[in-house]
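The values are calculated or read from the model by the stated rules, or taken from the named source; none is laboratory data. Quantities reported herein were computed from a predicted structural model and do not represent experimental measurements. Every residue, glycine as well, gets a Cβ built from its backbone with ideal geometry; the counts of neighbours run over all protein chains shown.
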Amino acid sequence: MKQALRPLDLPADRMDGEVVAVLFFEDERPLAGPAALLDWRLNGLLTRRLLNGEATGRRNEKILVDANSKILAPWVLFQGGGRLEGCDREIWRSAINDLLRSAAEAGFSRIALCLSPLCGASADEVVPLVREELTQLGDRRIECLLSVDERLRRQSDKETRAAQRPDVMDS
């Protein structure tokens, strides 16, 4: 098989690929998930670009930077995923495909991909979705290290449970 997928339980800054690739979005401020972690480890590089108008998160915007000693992979690819508002699974799937394709076209064959389950997808759906998108890369030999950052999902689950609790009124 030309493509291999290895699910890992690691944060984005500890993934040992040639590049660590993450999505960031136009309407997600402050940054969240894997993009926020890598931005923090890069001393706010992406945040500064956003504040200076040099980056927006628009669909397929690419920012490839040298990593520092705080990140295991030597390169970081931030790719715009467009808007989260109105995002559905097909849009998210397409953004993941674009991210994988961008990393492969840049010449990377060992891609560390760190994603949060978004746009209605569950964490359990991420691995099969990425496996399917890898097959779309054709004859390229790609090893994809995949980590799913479930912190956003856990926060969403907490908010859902809190909303389902009955209101208690003091008397």
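Data overview
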item: Conditions (1) touching a strand residue (DSSP E or B) at 6+ places or on another chain (Cβ under 7 Å); (2) at pLDDT below 95; (3) under 20 Å from T56 (Cβ atoms); number of the one not met by P117; result: (3)
item: Meets criteria (within 16 Å of L113 (Cβ to Cβ), surrounded by 16 or more Cβ atoms within 10 Å (Cβ to Cβ) and out of contact with any Pro (no Cβ under 9 Å at 6 or more places or on another chain)) for L72; result: yes
item: Close pairs from the stretch 101-122: first closer than 18 Å to G138 by Cβ, partner surrounded by fewer than 21 Cβ atoms within 10 Å (Cβ to Cβ) and not aliphatic (A, V, I, L, M), Cβ under 6 Å, at least 6 apart; result: S102/K62; A104/R140; F108/E18; S109/R141; R110/E18; R110/E143
item: Test: residue in the stretch 39-56 that is exposed (fewer than 15 other Cβ atoms within 10 Å of the Cβ), over 22 Å from G138 (Cβ atoms), touching a strand residue (DSSP E or B) at 6+ places or on another chain (Cβ under 7 Å) and not hydroxyl-bearing (S, T, Y); result: no
item: Extreme residue, surrounded by the most Cβ atoms within 10 Å (Cβ to Cβ), among residues of the stretch 123-136 that are among the hydrophobic types (A, V, I, L, M, F, W, C) and in contact (Cβ under 8 Å) with a residue 60 or more places away in the chain; result: L134
item: Residue that is farthest from E105 (Cα to Cα), among those in the stretch 40-78 that are part of a helix (DSSP H, G or I) and free of Cβ contacts under 8 Å to residues at least 12 places away in the same chain; result: L51
item: Set D124, D157, D170: member being farther than 20 Å from F25 by Cα, outside any loop (DSSP other than H, G, I, E, B) and modelled with pLDDT under 80; result: D157
item: Among (1) touching a Phe, Trp or Tyr at 6+ places or on another chain (Cβ under 8 Å); (2) at pLDDT below 95 - the single one G57 does not satisfy; result: (2)
item: Single residue of the stretch 91-108 satisfying the filter (out of contact with any strand residue (DSSP E or B) (no Cβ under 6 Å at 6 or more places or on another chain) and assigned to a loop (DSSP other than H, G, I, E, B)) that is surrounded by the most Cβ atoms within 10 Å (Cβ to Cβ); result: A106
item: Matching entry among S94, S69 (being closer than 21 Å to Q136 by Cα and hydroxyl-bearing (S, T, Y)); result: S94
